[in-house]
Amino acid sequence: MMLAKVCVIGSLMQLIGSTSRHIPLSSIKTHLSPEGYRGNFWMNWQYNSRNFFSVRRRFIYPLISVAVALSLFLGTGKPSQALDFLPLLIRGVQVFQLSNVSSQQEFQLGQQMNQQILGGQVRLSRNSEINRYVQNIGERLVPFSNRKNVKYTFQVVDEDSINAFATTGGFVYIHTGLIKAADNEAELASVIAHEMGHIEGKHLLSQMRQQAIASGIATAAGVDRSQIVGLGVNLALNLPRSRQDEFDADRRGLRTMSGAGYGQSAMVSFMQKLQKKSSGSTPAFLSTHPGAGDRVVALRRLINAQPTNSNGGLDAATYRANTRSLR
């Protein structure tokens, strides 16, 4: 069986190698600007569409061969073991598998994104009291997530802008500016739960897959892992989520925070607070999390349809005491 797999790999690599000479490769370049990390990851890709139709026939047959080979591998042993053969077959196929990766593979991808984010100009908070406080809130929420097997990592970014974001594999980032903007713990928990909702729904993985295909880096010629990581970082930091993803993350987040005993009204009140602030310059959180008005309406409908007696975390005085080191 192993010999047969090796033969298949060899044949595919030879076939793909002969095909790759006719397929233009896309390139992605990620760099940081001096202004800071917010909005400073640029993804530049080039795709030579003029040659698309001329190479379509040369492209489709190797791709079919790869699909057949994948079906053989995925049909033998455990799926996670089968996926481990993908880098040997063709790195570009990883793009097509982004929506079906295991939790461990998703975590590893999130780790690589985290390294790239922290390797730039993103500075994590050194305030141990605040870091511990955010971590405790996150740990309170995790048992009520639909993806309890995810290894969640909650990190505080030392940045005054009102923002939060998540990548893959459980990595959640909360700005100190957002912590200051919240009036109570439940409002902060609503944002953390919302970001967990994006991870639970695998929204970034879906975005990465769509963008990789649209930009032309998802080809039979392969794609470097760093391109995928850079693409994910850019999407997480700079590009807005779809309205559908925002509604889904709100729904998931509301369920999670309610299960943890936090007052549901906090998600609505914080959203309204951001809307008022947007009368001047739009908060970073709303620039990457669009549709605040419609989301408030949808949240109220969800709350009215599934009311709870939970009202935890609404005390403002307690919250100010817990976050006094930031004041």
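Some points to look at:
- Extended-chain gain in nm, criterion 0.36 nm per residue less alpha-carbon gap, Q244 and R324: 25.2 nm
- With a simple spin-label model that places each label point 7 Å from the Cα along the Cα-to-Cβ direction, the separation between Q135 and R147 comes to 2.2 nm.
- Between D160 and S206, the distance separating the two model label sites (each 7 Å from Cα on the Cα→Cβ line) works out to 3.7 nm.
- Computed from the Cα positions only, the extents of the stretch 108-191 along the three principal axes stand at 34, 33, 20 Å, in decreasing order.
- A crude spin-label estimate for the pair K277 and R301, with each label 7 Å from Cα along the Cβ direction, gives 2.7 nm.
- Put a plus charge on the Cβ of each Lys and Arg, a minus charge on the Cβ of each Asp and Glu, and nothing anywhere else: the dipole of the stretch 116-222 about its Cα centre is then about 480 debye.
- For S265, S128, S190, the sequence from fewest to most other C-beta atoms within 10 Å is S128, S265, S190.
A short reminder: the numbers here are calculations on the coordinates, not readings from a lab. All figures in this text were calculated on a predicted structure; none of them were measured in a lab. Cβ: placed from backbone, ideal geometry, glycine included. Neighbour counts: every protein chain shown.
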